[in-house]
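Each remark here refers to the structure printed beneath this line.
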Amino acid sequence: MKTLFIGRHLISLESVDSTNGYARDFLSRNDLFEGTVIIAAEQTNGKGQRGNVWYSSPRENLTLSIILKPHFLDLNCQFDLSKAIALSVADFFTYYTNYEIKVKWPNDILIESKKAAGILIENIYQGDKISHSIAGIGINVNQLNFPAKLIHAGSLKLATGFHFNINECLEKLCENIERRYLQLKSNNKKIDEDYLSKLFRLNEWGNFSTARGDLLGKIKGVKKNGRLTIQFQNGEILDFDNKEIEFIY
Ligand code: BTN
């Protein structure tokens, strides 16, 4: 591993329900070094956002959680970590493909409009501070077939036609995470700029499913607290959190 701390401690599991769950459970009893990676060849109950299941064929992909201690982050800047991790995964795909990689808010990573990676960050608090962040990352690497309902699923192999070595991918991912995490620590500006430059559907008209029904709108940006700002056809501008809006595409 060519990193300073990300991935220098590795817990490699054959099969686990969820690496995020394993990390949380472990941390309730013991501490772990910052940068520890918990990786599983198979997850039997992978967790996605909004209570969804994360499907990943055993041994074909990367399913892992990274322990971080972003004590430098104010509570109201938590979304910056989500941005940094999303950018690390986007950088990872950029390294392996020629496609323009997009980040679908809040942190799905798209290759050619197909979701090839998902991120689930779970924080552990001590008082009003984050003591640990569990950054769960699922990257579809070599998987070619997906459950029928995942109509927008993609993978590195689907995009490039090449087969990838999972261990090499892990190393590359750790390098990218370390770079972005250190960038976050020293200069949040670049993270904000790069995140916005990769944001899927920024300033483009598209359909969204909202509590008021399906509406045509344009993403105008993302607030510091992570809420998505959308301008609708009638001129109205509203902010949403992850549970309040869905992209129709
Ligand atoms: C999403 O897009 O819904 C988030 C998916 C996150 C999946 C990863 S796989 C490794 C880690 N462990 C989990 O149970 N989930 C995350």
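The values are calculated or read from the model by the stated rules, or taken from the named source; none is laboratory data. Just so it is clear, the structure is predicted and the values come from calculations on it, not from any experiment. All Cβ positions, glycine included, derive from the backbone under ideal geometry; neighbour counts span all protein chains shown.
If I66 meets every condition in (1) under 22 Å from K149 (Cβ atoms); (2) in contact with a helix residue (DSSP H, G or I) (Cβ under 8 Å, 6 or more places away or on another chain) apart from one, which number is that one?
Checking I66 against (1) under 22 Å from K149 (Cβ atoms); (2) in contact with a helix residue (DSSP H, G or I) (Cβ under 8 Å, 6 or more places away or on another chain), the one that fails is (1).
Taking the conditions exactly as written (in contact (Cβ under 8 Å) with a residue 24 or more places away in the chain and in contact with a helix residue (DSSP H, G or I) (Cβ under 6 Å, 6 or more places away or on another chain)), does K83 satisfy them or not?
Spelling it out, K83 is indeed in contact (Cβ under 8 Å) with a residue 24 or more places away in the chain and in contact with a helix residue (DSSP H, G or I) (Cβ under 6 Å, 6 or more places away or on another chain).
Is it the case that segment 34-43 has a residue that's modelled with pLDDT of 95 or more, surrounded by 18 or more Cβ atoms within 10 Å (Cβ to Cβ), charged (D, E, K, R) and away from the ligand (no atom under 12 Å from the Cβ)? Talk me through it step by step, then tell me what you get.
Quick first cut of segment 34-43, residues modelled with pLDDT of 95 or more only: 34-43.
Add one more test, that the residue is surrounded by 18 or more Cβ atoms within 10 Å (Cβ to Cβ), and what stays is 34-40, 43.
Right, trim to charged (D, E, K, R) and you get 34.
This time we only want the ones that are away from the ligand (no atom under 12 Å from the Cβ), so: 34.
Yes: segment 34-43 contains one or more residues that are modelled with pLDDT of 95 or more, surrounded by 18 or more Cβ atoms within 10 Å (Cβ to Cβ), charged (D, E, K, R) and away from the ligand (no atom under 12 Å from the Cβ).
Right, I109: in a helix (DSSP H, G or I) and among the β-branched types (V, I, T) or not? Talk me through it step by step, then tell me what you get.
Numbers: in a helix (DSSP H, G or I): no; among the β-branched types (V, I, T): yes.
So I109 fails the test.
Per-residue answers, yes or no, for (1) closer than 21 Å to T63 by Cα; (2) free of Cβ contacts under 8 Å to residues at least 24 places away in the same chain; (3) in contact with a strand residue (DSSP E or B) (Cβ under 7 Å, 6 or more places away or on another chain); (4) in a helix (DSSP H, G or I):
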position: I121; (1), (2), (3), (4): yes, no, yes, no
position: Q143; (1), (2), (3), (4): yes, no, no, no
position: F146; (1), (2), (3), (4): yes, no, yes, no
position: N167; (1), (2), (3), (4): yes, yes, no, yes
position: K172; (1), (2), (3), (4): yes, no, no, yes
position: E175; (1), (2), (3), (4): yes, no, no, yes
position: R179; (1), (2), (3), (4): yes, no, no, yes
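Of all residues being in contact with a Lys or Arg (Cβ under 7 Å, 6 or more places away or on another chain) and surrounded by 23 or more Cβ atoms within 10 Å (Cβ to Cβ) in segment 86-100, which is farthest from K243 (Cα to Cα)? Just the residue, please.
Top of the filtered list is F92.
Can you tell me how many residues within segment 2-22 are more than 14 Å from the ligand (Cβ to nearest atom) and either at positive phi or of a type in the set (F, W, Y) (or both)? Step through it out loud before you land on a result.
So the first thing to find is which residues in segment 2-22 are more than 14 Å from the ligand (Cβ to nearest atom), and the list is 2-10, 14.
Imposing the further condition that a residue be either at positive phi or of a type in the set (F, W, Y) (or both) reduces the set to 5, 7.
So the count comes out to 2.
Are there any pairs with C-beta distances below 9 angstrom linking a residue in segment 22-46 that is in contact (Cβ under 8 Å) with a residue 12 or more places away in the chain and charged (D, E, K, R) to a residue that is in a loop (DSSP other than H, G, I, E, B) and within 15 Å of the ligand (Cβ to nearest atom), with the two at least 6 apart or on different chains, and if so which?
R24/S18; E42/S56; E42/S57; E42/P58; E42/R59
Would you check which residues across segment 117-160 are within 13 Å of the ligand (Cβ to nearest atom), closer than 30 Å to S28 by Cα and not β-branched (V, I, T) and list them?
If the condition is that a residue be within 13 Å of the ligand (Cβ to nearest atom), closer than 30 Å to S28 by Cα and not β-branched (V, I, T), then A117, G118, L120, E122, S133, A135, G136, G138, N140 are the ones that fit.
Here's a check for you: in segment 101-117, which residue that is among the small types (G, A, S) and crowded, with 23+ Cβ neighbours inside 10 Å is farthest from L75 (Cα to Cα)? Break it down stepwise before answering.
Of all residues in segment 101-117, those among the small types (G, A, S) come to 113, 116-117.
Imposing the further condition that a residue be crowded, with 23+ Cβ neighbours inside 10 Å reduces the set to 116-117.
Values: A116: 29, A117: 26 Å.
Across segment 101-117, the extreme among qualifying residues is A116.
Step by step: first the residues of segment 53-69, then only those that are more than 17 Å from A153 (Cα to Cα) and surrounded by fewer than 22 Cβ atoms within 10 Å (Cβ to Cβ), then the one that is farthest from the ligand (Cβ to nearest atom). Which residue is that? Break it down stepwise before answering.
Taking segment 53-69 as the starting set, the residues that turn out to be more than 17 Å from A153 (Cα to Cα) are 59, 64-69.
Restricting the remaining residues to those that are surrounded by fewer than 22 Cβ atoms within 10 Å (Cβ to Cβ) gives 59, 69.
Numbers: R59: 14, K69: 18 Å.
Result: K69.
For every residue, the table says whether it meets (1) within 30 Å of F5 (Cβ to Cβ); (2) free of Cβ contacts under 8 Å to residues at least 24 places away in the same chain; (3) in contact with a His (Cβ under 8 Å, 6 or more places away or on another chain); (4) not β-branched (V, I, T).
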{"site": "D194", "(1), (2), (3), (4)": "yes, no, no, yes"}
{"site": "E204", "(1), (2), (3), (4)": "no, yes, no, yes"}
{"site": "T210", "(1), (2), (3), (4)": "no, no, no, no"}
{"site": "F247", "(1), (2), (3), (4)": "no, no, no, yes"}
